[in-house]
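To keep things clear, I will list the structure first and then write my remarks on it.
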Amino acid sequence: MPPPRKGEPGAAAPKRTPARDRGKDREPGGRPAAKPTSKSAGKTAGKTANRTTRPPAKGAPKGTARDTGKAAAKTPAKASAKADGKGRPRKGGRPPGPPRPPRRPRPRVPFRRRDPIKRLNAGLLVVAFVLSLFAGRLVQLQTIESAAYTERAKRQRLQTIDLPAVRGDITDAQGNPLAMTVEARAVFADPLMIEPKDRQKVVSKLAPMLGLDPDHVMKVISKTGSRFEYLAHGVRPDRARLVTAEKLPGIGTLPEYRREYPNDDLAAGVIGFVNAEGEGGAGLEYSMNKQLAGQAGWQRVEISPEGQHIPMGEDQKQPSVPGRGLRLTLLRDLQYKAQEAIEERVRETGARNGSVIVMDVRTGQLLALASAPGYDPNDYGRYPEERWNSPIVREAYEPGSTGKVITAAAVMEKGGVTPETPFTVPYSITRYDRRFHDSHHHPTQRLTFAGVLATSSNVGTILASERISQQTLYQFLRAFGFGEKTGIGLPGETAGSLSPPSKWSGTDRYPISFGQTVSVNALQMASVYATIANNGVRVAPNLILGSTGEDGSFTPAPAPERRQVISADTARKLRDMLEGVISEEGTAPKARIKGYRVAGKTGTAEIVNPSCGCYRGGGYTASFAGFAPADDPQLVVQVVLQNPRRGSHYGGDAAAPVFKDVMSFALQTRKIPPTGSKPPTVKIYARD
């Protein structure tokens, strides 16, 4: 049967071509495109017939196709219409054959789940393996490596804070403070709490406020792995409050102590100072640091990541042990007077430096040790280091004529010389290849030995010294303390220079007899005159009375060493002879004190010029050592001026006036009355 035509019942309605595809059936220019041949139409029909149909989806309405397979089951008329695009067979062509029957769909194989027990077991094995890894790691952390991790965690949390000990005070003999400890603050940084962007702000605020180097502050606050670093110690409380008021991140303060010297430069060369690290830097602060400093403690606390103290965390503490104080033999008022006098004299004479010693002849106690120029230990950094320690014990010098009393004692004890022994004294003498002379030109004189000492004749002293051997002279020098340290406790003390006779040249004994070619420190020389004043008994000089505890308890120092150097009779004769030095005919009338008998000796020694190793151009040491009252000696005062450049360089002119000023004050302060006795008549010239 022929297929139904268009418009007849049973004919399929032609498909409407979408607007976008209508042009595809025309050639360029609007002409209809050529119709496909029957052969190509058959191929198209065959492709359509070969498509596989799918069964309708579950639940879909009957008669509804799920895919293009439904189109293949349409009527032959519809299929024929598709052959030429208009529902008509193409003229002259073979009508298409019947469509192929649809292919049977492949039956769907139902999914069958495997045994769930096996799946569960496999999952459990995987979970068990993962858990075993975690368990192994936990065992490693909590057992094998637990100690290491615990220690690392503690280091991150624990911080050790120093608990400084209270440094012992230094007082004078009457308890007046010379060095004391006051409250202060330490400024610290927690570098972990300071962000890199905030570091410059912290440096710009703290460096000028604390007087620190900005580079140092930046280096400290930039440290990695640290939670605690000190920036400054000994900051005054008012300055520390300014630091905390800035509320800088990671910056805090801790209570500690700082050293203060309430009398500024008074006895600075003796007391010394405590440096920025809290250690003694000079003087007694240095030499007695261990006793004064005590023993610092510590406290270990836990700190949170925010820098806060964990209240219930670990807290271990080792309390500090306070240091013991020192009570000195110095008297503050007398020290002030001596220091004032020597400072003024150094300015007047232009001397390189000067010193004054006041000593109790019976106990060896040093009542004043003044030197100039000095410094303020509260601000020691502004002064040169050579001022930090006392020249009284650090500087060796040739004593000159003040050393003649040792030769006098030796020849009177061992050479048979008396104060009245006459000597013919020319201006100069020659021994071997050296010529020796007196300080002033004079004609040949006939002097007693007392006159030799009173006029300070070098030639007369040489003549007297030839009555003893050089070994005897050396032994007396040693007995009076030459060549050994005094041991008063000040750092850097020199023992001076005294070679044994085996090392002396042929002429050394002659200048040694009048105080040249040997050297001493000022305290050694003062001790010589204290020995003569104390009836020939040398009492070792001492500066420390004892130590004091935190509770105020006092422990006295050991008694000083005592030894008899010369006989009391020789000492008495020497005292009478030394009174002649203060007379109008002597070299030191400027040392006389109204109402008191005074004895002493001037010294004017040449200084070795280091550029040539000779005395030429080296300058002079002017000195005076004496005691009063001469008939009942209580105090010794010695004055030394190194290289005075203005005015006279002689000891009687440069040093004797300072002796008079300080000794007068000391006698009044100690309430020592005049004895009222008349001085002896000292024969200067021999009357044959």
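Look through the stretch 371-401, keep the residues that are polar (S, T, N, Q) and either part of a strand (DSSP E or B) or under 43 Å from the mean Cα position of the chain (by Cα) (or both), and return whichever of them is farthest from G652 (Cα to Cα). Among those that are polar (S, T, N, Q) and either part of a strand (DSSP E or B) or under 43 Å from the mean Cα position of the chain (by Cα) (or both), it is N378. Is it true that some residue in the stretch 673-684 is more than 43 Å from the chain's Cα centre (by Cα), closer than 30 Å to V417 by Cα, aliphatic (A, V, I, L, M) and at pLDDT below 95? Checking the stretch 673-684: at least one residue is more than 43 Å from the chain's Cα centre (by Cα), closer than 30 Å to V417 by Cα, aliphatic (A, V, I, L, M) and at pLDDT below 95.
What about L242, is it surrounded by fewer than 15 Cβ atoms within 10 Å (Cβ to Cβ) and of a type in the set (A, V, I, L, M, F, W, C)? Answer is yes for this residue.
Does F480 satisfy the criteria of being surrounded by 21 or more Cβ atoms within 10 Å (Cβ to Cβ), in contact with a Gly (Cβ under 8 Å, 6 or more places away or on another chain) and not small (G, A, S)? So F480 does not fit the description; no. From the list V452, V405, V417, V411, the one residue that fits, being assigned to a loop (DSSP other than H, G, I, E, B), among the β-branched types (V, I, T) and over 20 Å from S505 (Cβ atoms), is V417.
Conditions tested, residue by residue: (1) within 16 Å of P399 (Cβ to Cβ); (2) outside the structural domain of R575 (by TED's automatic domain parsing); (3) without any contact (Cβ under 8 Å) to a residue 24 or more places away in the chain; (4) not hydrophobic (A, V, I, L, M, F, W, C).
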position	(1), (2), (3), (4)
V636	yes, no, no, no
R645	no, no, no, yes
V658	no, no, no, no
F665	no, no, no, no
V682	no, yes, no, no
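Here is a yes/no grid of residues against (1) farther than 15 Å from P680 by Cα; (2) of a type outside the set (D, E); (3) modelled with pLDDT of 90 or more:
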site	(1), (2), (3)
V581	no, yes, yes
E585	no, no, no
I593	yes, yes, yes
V598	no, yes, yes
T604	yes, yes, yes
N609	yes, yes, yes
Y620	yes, yes, yes
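Kindly indicate whether L367 is touching a residue at least 60 places away in the same chain (Cβ under 8 Å) and out of contact with any Lys or Arg (no Cβ under 9 Å at 6 or more places or on another chain). Here the answer is no, as L367 does not meet what is asked. Being among the β-branched types (V, I, T) and part of a helix (DSSP H, G or I) is the filter; apply it to the stretch 320-366 and report the residue that is farthest from V639 (Cα to Cα). By that ranking, first place goes to T349. The set of residues in the stretch 567-583 being under 53 Å from the mean Cα position of the chain (by Cα) and in a loop (DSSP other than H, G, I, E, B) consists of S567 alone. Is it the case that the stretch 434-445 has a residue that's farther than 26 Å from I582 by Cβ and among the basic types (K, R)? Yes.
Quick one: which helices (runs of 4 or more DSSP H) sit completely within the stretch 463-566 and have at least 3 residues that are within 29 Å of I170 (Cα to Cα), in the same structural domain as A370 (by TED's automatic domain parsing) and out of contact with any Cys (no Cβ under 7 Å at 6 or more places or on another chain)? Please lay out each step first, then the result.
Details: elements: 470-479, 509-513, 522-533.
Result: 522-533.
The values are calculated or read from the model by the stated rules, or taken from the named source; none is laboratory data. Just so it is clear, the model here is predicted, and its values are computed rather than measured. Backbone-built Cβ (ideal geometry, glycine too); neighbour counts: all protein chains shown.
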